[in-house]
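Report on one structure; see the data block that follows.
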Amino acid sequence: MDNWVIAMMLGASIFLGAVALFAFLWAIKNGQFDDEEKFLNAAKYDGEDELNDALKQEQKKQKLKKQYRPE
Amino acid sequence: MSNSVACNHCHLEFDKSVMIVEEGVGFSVATPKNHTLYFCCNGCQGVYHLLSDEGLESFYDKAEGIKLTPPTKQYQDSSNFNSAAFYERFVNINKDGFHEVSLIIEGIHCSACVWLNEKALHKMEGVIEANINFTNNKAHIVWSDEILKLSSIIDMIRAIGYNAYPYDASIQEAHANKERKEYYLKMAVAIFASMNIMWIAVAQYAGYFTGITQDIKTILNIAEGVLATPVLFYSGWVFYRGAYYGLKNRVINMDLPVATGASLTYIYSLYITIYERGEAYFDSVSMIITFVLIGKFLEILSKKNAADTLDIIGKHIPSVVNILKDDAIVSCKIGDVVAGDIIVVSSGEKLLFDGEIIKGEGFFDESNLTGESEPIYKKVAQSVISGTTSIDADIFYRASKDFKHSTLSNLVHLLESAINKKPRIEQMANRLSEYFSAVILGFSVLTFSLWYFWPHSFEISFMVAISVIVIACPCALALATPVATLVGLSLGAQRGILFKEAAQLETMAKIDTLILDKTGTLTIGKPEVVEEHLYAAFDTSLLYALVSASKHPVAQGVKNYLYQKDETIAGLLFDTYKQIPSLGISAWYQQREILGGNHKLMEENGIIATFESTDTLFYVAIDKKIVAIYELRDKVKEDAKEIIAAFQKRNISVIMLTGDNENAAKKVASEVGLTAFYCNQTPQGKADYVSMLHEQGKRVVMVGDGVNDILALARADIGIVMGSGSDIAVEMSDIVLLNDSLHSLEDAFKISRTTYGLIRQNLGISLIYNAITIPLAMAGYVIPLVAAISMSVSSLLVVGNSMRIRYKWNKN
């Protein structure tokens, strides 16, 4: 039975670590660390407005995509 | 005192009386409603109201009073951004069918500026993405071309007080960035997994000494295996790829033993895990990959980006010129100018076409092309060359060729080909690793067969053979070069020496020929007064006024001399003032005639001057009587002689190339103790000379500073440029000496030799380490603990040795 405890603990902690790792990889791929100054400033400026802005931008992109790619 | 007030947009402070005052429209927290607004100019006022209309008021809260550049208004028409030629060169269409462009934004001071630009562009209909990098001010914009044109985007950026110009985000740069990002991802995975494996390994090793049940061991092995798998197949993919391409080209490179070693160890460990006996080596797998990957990444980090260089050259060529058409001056794109067009050039402008002067006269600076430091006087019917700059001439000239065939674009073409032809010396570590890899693989095969035929089971023989590869850990070998070059680069940076690429340290250490440009490299580059001969008392402010108005370097030299003697000196206003081309200056002041110029000017005015000197002379005569003579010389830099002697002592042949005439060259050469020099060199001639040395098998360093040196700089093994050199030359170079001193040149050489020595030491350490451990491994004496410890120790030795050199240098 002790063996299962060890296996579970190992599994759970590696899994949690992996989740954090994937979040980090996603952020790198997304270009969030491309500009070291900007990503530090983001902590200062980001707020509701910025979130809304990002959403609007995304919607605009989707809309335009549909318009030009009717097929 | 408190009369000055800050402009509400740019925050520059001016006197209240000159400001534009507005009542009660403030909107941000910093300027609440009913607050008086002040603006320094219409531009700032315009931007302020634009931002308030667009709802971008919080910009001012974010900027927190940072001083901005007031917007300038006179921009050229932005419609040429919409031309097909422009689109073809700078605009790409991405996979979604949208257009994208890379721009450099001018005028970004703070992160609020970045925010504002992105916001303003996002608000535009049709802009899909606007991403500005604060660090290098480069913007990447994606938009839909059917809704709006690029010119409207540029107009918006200009409207909010910034300017934008395009740059060619060429494939190379994009590729370099992508490669770097890929390494970040791979390293993140490798480091994460290795760190986790390490703490599992602690349990393994503890169990190895104090006893552990096979069940627990298997659980730990499985956990390690799960972590090691992505390291090997994701992070380690570069090694498989490298080994594959190496084999394809019949080269055994460093990647091959890493790839084979790691995969064999991995397979063996899987086998151990499944059959539950012996020790698994998953920790070695991930450690090897992680270490070597970091070493590889360090090398990639310090690789130069050649892509930006040509952009900068393009930036220096204006896109439009003024031409005379039907008696009116109109601006015309340079591509549209044909041979026979009449081009208008005013003083200070650059000539973009070859041609013949049809109206006007004046001095031209041809130093870009000939290296000749003296301005050249040209008048009607004489030919002018593209690439020269008009110093004080307002001329009309007839283009004899179109831009594509001009000397200037020829130069650009030559440059492009010179960059591609640059020789590369193969790096020592790469050569060494070829042999090393082959030997290690050979040894492990040998070990396996010896053990197998000396009757042992397959399993034991296989394990011993693998331990040979694992113990011949390439970690130390892979770290040897990058760590040493990092030390070299940082030593250089502390002394104002910028190596643009790490590999150049090694090349620099192997050079045997040093070519120096004369003007600006060996000499200061501006004539200075070395001696003053006074024959009669006179008012020096007269002379000061006389020379101040001329841009000729000799006159400037005299002016600087007078200013140094008396900083309060001020000029007078002459009644008449005339510059006589090639001779000097004549002026009248209260019925007295003042003449300043060369010997010929004195002769023509009937003044007898019998002064003899090898230097440039500047005569001053008042009322036909010589009152003073100044001797001027382009002084040689203080330590030039000593430094050249130091190089010659190291058996490096030092050669001087100059565009100047023989006399000037000879004088400088003898002064610094040089015997080899070539004068009257054109830029092409200098480059050809470098090529000729290459054919003789020489390794050449070229030191220069001007545009006339760039071809040679590009072609030499190493091009070194003084920090004060022209932008293009600095871009073109491999090493920049920021403090312009020849001492740095010697330092650069010393640092590269030290670094090269360090690389050899590091490689030596890792080889000695291998010489000791490989026989042990072959004899089957290596247990996992020894393998793990020795692996770290060898890497630590290499890093420690590099730190030792750094410490030694910094102490001196």
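Do the alpha carbons of any pairs in B:Lys379/B:Lys666; B:Lys325/B:Lys359; B:Lys333/B:Lys401; B:Lys750/B:Lys811; B:Lys510/B:Lys686 sit beyond 24 Å of each other, and which pairs? B:Lys379/B:Lys666, as the Cα separations exceed 24 Å there. Dipole of the protein assembly as shown computed with +1 at Lys/Arg Cβ and -1 at Asp/Glu Cβ about the Cα centre; of B:Gly225, B:Gln648, B:Ile93, farthest Cα towards the positive end is B:Gly225. Rounded to the nearest 20 debye, the dipole size of the protein assembly as shown about its Cα centre is 2360 debye, using +1 on the Cβ of Lys and Arg and -1 on the Cβ of Asp and Glu.
For the protein assembly as shown, give me the percentage of DSSP beta bridges that are antiparallel, rounded to the nearest 5 percent.
On the way: 81 of 99 bridges.
Roughly 80 percent of the DSSP beta bridges within the protein assembly as shown come out antiparallel.
Here is the list for segment A:9-70: chymotrypsin sites (Phe, Trp or Tyr not before Pro) lying in DSSP coil, each with at most 15 other C-beta atoms within 10 angstrom of its C-beta, are A:Phe33.
Return the Rg/Rh value of segment B:171-301, two decimal places, where both radii are evaluated on C-alpha atoms and Rh is the Kirkwood radius.
1.05
Can you pull the mean other chain C-beta count within 10 Å for peptide B:185-193?
Numbers: counts 4, 1, 0, 6, 5, 0, 1, 7, 4.
The per-residue average across the peptide is 3.
Residues in segment B:518-524 carry Karplus couplings, in order, of 7, 5, x, 9, 7, 10, 6 Hz; the curve used is 6.51 cos²θ - 1.76 cosθ + 1.60 with θ = phi - 60°, and Gly or Pro positions show x. Annotation: amide H-H contacts under 5 Å for B:Phe134 (H modelled 1.01 Å from N, sequence separation of 5 or more, or interchain): A:Lys38.
At 222 nm, what value in deg cm²/dmol follows for the protein assembly as shown if DSSP H runs of at least 4 each add -39500 (n - 2.57) and the sum is divided by all its residues, to the nearest 500? Each step should come with its number before you reach the end.
Details: 30 runs with 453 residues, N = 883.
Mean residue ellipticity, 222 nm, calculated: -17000 deg cm²/dmol.
Here the peptides B:648-655, B:712-719, B:349-356 are ranked by packing, the mean other Cβ count within 10 Å, and the order with the highest first is B:712-719, B:349-356, B:648-655. Taking only the Cα atoms of segment B:80-169, the radius of gyration and Dmax are 12.1, 34 Å. What percentage of all Cα-Cα pairs in segment B:485-628 are separated by more than 19 Å? It works out to 62 percent of all Cα pairs.
The string of couplings for segment B:756-765 from the Karplus curve (6.51, -1.76, 1.60, θ = phi - 60°) is 4, x, 5, 4, 5, 4, 4, 5, x, 4 Hz, one whole number per residue in order, with x for Gly and Pro.
For segment B:561-711, the spread of Cα coordinates along the three principal axes comes to 68, 30, 30 Å, biggest extent given first.
With the cut-off at 25 Å, tell me which of the pairs A:Lys61/B:Lys138; A:Lys65/B:Lys149; B:Lys404/B:Lys518 have Cα atoms farther apart than that. The pairs that break the limit, which is 25 Å between Cα atoms, are B:Lys404/B:Lys518. Once the Kirkwood radius over Cα pairs is known for chain B, the Stokes-Einstein relation at 25 °C and 0.890 mPa s delivers a diffusion coefficient of 76 µm²/s. For segment B:91-138, the set of GluC sites (Glu not before Pro) satisfying both a DSSP loop assignment and a count of at most 11 other C-beta atoms within 10 Å is given as B:Glu125.
The Stokes-Einstein estimate for the protein assembly as shown, based on a Kirkwood radius over Cα pairs and taken at 4 °C with 1.567 mPa s viscosity, is a diffusion coefficient of 39 µm²/s.
Across all directions of projection, what mean area in square nanometres is found for the Cα convex hull of segment B:662-812? The Cα convex hull of segment B:662-812, projected and averaged over all directions, gives 13.6 nm². For segment B:171-301, the tally of Lys pairs with Cα-Cα distances below 23 Å comes to 5, considering only residues 8 or more apart or on different chains.
Bear in mind these aren't lab numbers, they're just calculated from the coordinates by the rules spelled out. The structure presented is a predicted model; accordingly, all values stated were derived computationally and were not measured. Cβ sites come from the backbone with ideal geometry, for glycine too, and all protein chains shown count toward neighbours.
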